[in-house]
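Heads up: the structure comes next, in structure tokens.
Readers should treat all values here as calculations from the given coordinates under stated rules, not as data from a laboratory. What you see is a predicted model, and the numbers here were worked out from it, not measured in a lab. All Cβ positions, glycine included, derive from the backbone under ideal geometry; neighbour counts span all protein chains shown.
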Amino acid sequence: MNNILELHNLKKYYATQKAVDDISFSINRGSIFGLLGPNGAGKTTLLRMITGIFFPDSGNIIFDGKEFDPLNDIIKIGYMPEERGLYKKMKIGEQALYLAQLKGLSRSEAMEKIKFWFKRLEMESWWNKKVEDLSKGMSQKLQFVITVLHEPKLIILDEPFSGLDPLNANLIKDEIYGLAQRGCTVIFSTHRMEQVEEICDHIILMNLGQKVLDGTVSDIKQQFKENKFSIKLSEIPADIAGASFTVTDQKANALTVKIKEGFKSNDVLQYFLHQNLTVESFNEILPSLNDIFINLVEGTRAKTRAFQSSEA
Amino acid sequence: MNKILLVARREFLSRVQKKTFLLTTIGLPLIIFIFYAAIIYFQVKSTGNYRVAVADNAHIFNGKIDAKNDEIVFQFITADTAQLQKKLEANEYDGYLVVPASFSIGGKDSLMFRSAKATGLMTREKIEDRINKALEEKKLLGLNVSKAQLDSLQDQKELIKFSSASGKDENNAKVGISYAVGMISGFLIYIILFIYGTMVMRGVMEEKVSRIAEVIISSVKPFQLMMGKITGIGAVGLIQFLIWIVLVFGLQFLLPLIFPNLMGHAQHVPIQPAGMQAAHAVQNSGVMEKLSLGLSEVNFPLITGCFIFYFLGGYFLYSSLFAAVGSAVNEDPQDAQSLLFPIMMPIIFAMVIMTKAVNDPNSPLAVFGSIFPLTSPIVMMARIAHGVPEGVTYFQLALSMVLLVLGFLATTWLAGKIYRVGILMYGKKPSWKEMFKWAFRKN
């Protein structure tokens, strides 16, 4: 019962393509989960099924230990879609109140929570402003507040940082950590890998409607490591040739070496120690998620949305 | 259900709280009121009486032209043209009429009328009418028609009495009022369908363009959002109409209070608001009596009830279609135009049938139009105005109502299907064929 969400063989086909093709995974309670994939991989369709906007063609969703029931479970989910917006002419306070009530909060509950969040993110003076008077970053912040206002168990954020300056991005990031600490689970959909690497505990990579990768960030990196190390020496002799490695790159007094099959990092170190060279630093090079992502996705002809038919 | 109400509440409040709502809702009846007040004020203020000096040198009129209750006063004087001209310039009279001594009733001579200022069309017609009447009388008397015969001819106005099978008296005034009531209420529903239908469409487009649709769809079902919007805007329309009706009638009853000394004169004013006619139908003139009789015979509670039913039925039937179109298009309002065309057609068609139905409420076309749900809201009003069962049988009325409700359920179901796909769809404008496919696919 440690999973907030379990997907079993979820499928959603459109006339011309398989948007989500047999996807299964589970998400731990209180974790920050990254859903990655190129444009058109089926992320939005998958998220729309998790939020009850679409019904899957087959497969099932277990939410909080029970079969997902969109009508009643919706209050436990907060969804910030990629295509987001607000009523431009409506006052911000009223807007937040309205959307919170739609989630199922009573008026007084909603009011209390809005006040709490507005105070927390220093938005109190915005109450009577209209959305059209806000900058993009400000409305993004408001959108975030509206998503998490009702303290849902599962928060789904589709590209939450787009359009935010670093200051506000950090503010939101801290809030996401805070929410996770308080027991909320966060699904985080993006194709910005550096953010994923920083924030997420567990990731899934989707491509062409299928799951390509599933695991924790460190596991995946281990899985894709190429046994490369960087070594910094005080000075580099003219010829370096060890049985245990090959030099792949050399810059000033830094070397990049690839350890040969059957050898360990210590064998490399031993070679340099024997040569009586001063090792200033010795690090393993792990591939960045970005590299893994590009490696896996490149060449698969990922369809972008522009080429889909209008049936979606 | 609760969420539909929440959405409806927002739609309602966000429109009612706008300044433009107040402006149109309160402003329009005020303008009508001020317009009426101004007309009546000026009618009374200009003391009405148009003084005409008559120099009857041929002694044709015997010193008397029957002016009835008119504002035109004929005064017979003996003076030559030069003297008359002088009196005209001194503003003693507004105009003068000279009957030359050689004038004979049977002859082809014409009379000369001269006025100080340009004479208005109405006044000119009245003067002409009075003088022609007087001359006609003289001519007939000259043909040995006795005065008594002449009087009996003038009294006999309604030779045939029309009545329906149920024995109800159907005088001309009643038919005229039915015609007017049918026309006005049919036209009002026509306007409502367009105004509030496009309001729904614009609201849906706004949600789609501002990209809030998906945010809301993640907390309410698309159908709830659509129904909430339709209900909210429908309530705005209903409130607006009720306010208009109350204000228009209320202000017209206020009129005599604002101009207390005006009522005596005002009764002569030809353009009278309908409300006052009903309230002060104590005129001794026969037309007024018949008019008030006709008004009392038109079944207003039934018409009001049916109006509200067909207003709501027609609105719900069409607004969901408008919502579907709004959900399918993107920023470009031009896209909406072409998709709207198939929706507008039956409304315009209904309007055409309606203009026929007010004349002949029982023609096959009118019967069809009043039962077919896409046209019935407009056409049926024209028939109901003629009364039940004279204009429309109870069976037809019931059938039409049932079909309208069924039609509303069908279009709402269909539109809901299109809406839930369209609202989340960005990109190129879909064709009707594609929208049809959305409607009939699962999920």
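Note on residue B:86 and residue A:266: their simple-model spin labels are 14.4 nm apart, each label 7 Å out from Cα toward Cβ. Counting only DSSP H runs of at least 4 residues, each contributing -39500 (n - 2.57), and dividing by the residue count of the protein assembly as shown, the helix-based mean residue ellipticity at 222 nm comes to -17000 deg cm²/dmol. Think of the protein assembly as shown as a dipole: +1 on every Lys or Arg Cβ, -1 on every Asp or Glu Cβ, centred on the Cα centre; then among A:30, B:232, A:72, B:232 lies furthest on the positive end.
As a calculated quantity, the FRET efficiency between residue B:76 and residue B:145 at R0 = 22 Å, using C-beta atoms, amounts to about 0.35.
Just want the answer: with Cβ charges of +1 for Lys and Arg and -1 for Asp and Glu, which residue in A:99, A:138, A:289 is farthest toward the dipole's positive end in chain A? Checked the options; the winner is A:99.
Taking label points 7 Å from Cα along the Cα-to-Cβ direction, residue A:214 and residue B:118 give a separation of 9.0 nm. Placing a label point 7 Å from the Cα of residue B:135 along the Cα-to-Cβ direction, the residues of region B:94-114 with a backbone N closer than 19 Å are B:95-114. Taking trypsin sites (Lys or Arg not before Pro) across region B:70-146, the ones in a DSSP loop with at most 14 further Cβ atoms lying within 10 angstrom of their Cβ are B:108, B:117. A Förster radius of 30 Å combined with the Cβ-Cβ distance from residue A:66 to residue B:211 puts the calculated FRET efficiency at roughly 0.40. Note on the protein assembly as shown: antiparallel DSSP beta bridges, both residues inside, total approximately 60 percent of the bridges counted. Projecting the Cα positions of B:148, B:99, B:135 onto the charge dipole of region B:49-155 (unit charges on Cβ atoms of Lys, Arg, Asp and Glu, taken about the Cα centre) puts B:99 furthest along the positive direction. Which of A:119/B:208; A:113/B:208; B:417/B:437 have a Cα-Cα distance over 19 Å? Going by Cα-Cα distance, A:119/B:208; A:113/B:208 fall outside the 19 Å limit. When only the Cβ of Lys, Arg, Asp and Glu is charged (+1, +1, -1, -1), the dipole of region A:3-222 relative to its Cα centre reaches about 620 debye.
Net charge near residue A:246, counting Lys/Arg +1 and Asp/Glu -1 over other residues with Cβ under 9 Å of its Cβ? Local charge sum for residue A:246: +2. Beta bridges per DSSP, both residues in chain A: antiparallel share near 70 percent.
For the set A:103/A:221; A:136/B:19; B:87/B:147, the pairs lying more than 32 angstrom apart at their alpha carbons are A:103/A:221; B:87/B:147.
Using the Cβ-Cβ distance between residue A:107 and residue B:431 with R0 set to 45 Å, the FRET efficiency works out to roughly 0.55. Extension gain, residue A:55-residue A:135: 0.36 nm per intervening residue step, less the Cα-Cα distance, totals 25.3 nm. Taken about its Cα centre, the protein assembly as shown carries a charge dipole of about 820 debye when Lys and Arg each add +1 at the Cβ and Asp and Glu each add -1 at the Cβ. Counting only residues at least eight positions apart within a chain, or on another chain, the aspartates and glutamates with an alpha carbon under 15 Å from that of residue A:115 are A:94, A:124, A:151. Taken over the protein assembly as shown, the alpha-carbon convex hull comes to 262 cubic angstrom per residue. Here the label points at residue B:9 and residue B:109, each 7 Å from Cα along the C-beta direction, are separated by 8.5 nm in the simple model.
Relative contact order of region B:49-155: 29 percent, from C-alpha pairs under 8 Å at least 6 residues apart in sequence.
The aspartates and glutamates whose alpha-carbon is closer than 17 Å to the alpha-carbon of residue B:139, local same-chain residues fewer than 8 away aside, are B:56, B:66, B:109, B:128, B:129, B:151.
Within straight-line reach of residue A:260, meaning a Cα separation under 19 Å, sit the following aspartates and glutamates at least 8 residues removed in sequence or on another chain: A:226, A:239, A:249, A:284.
Please give the net charge around residue A:199, taking every other residue with its beta carbon less than 12 angstrom from that of residue A:199, where Lys and Arg add +1 and Asp and Glu add -1. Net of charged neighbours comes to -4. Here region A:226-285 is assigned +1 on the Cβ of each Lys and Arg and -1 on the Cβ of each Asp and Glu. Its dipole about the Cα centre then comes out at about 60 debye. Pairs exceeding a 20 Å alpha-carbon distance, out of A:88/A:141; A:12/A:211; A:88/B:18; A:18/A:43; A:76/A:130: A:76/A:130.
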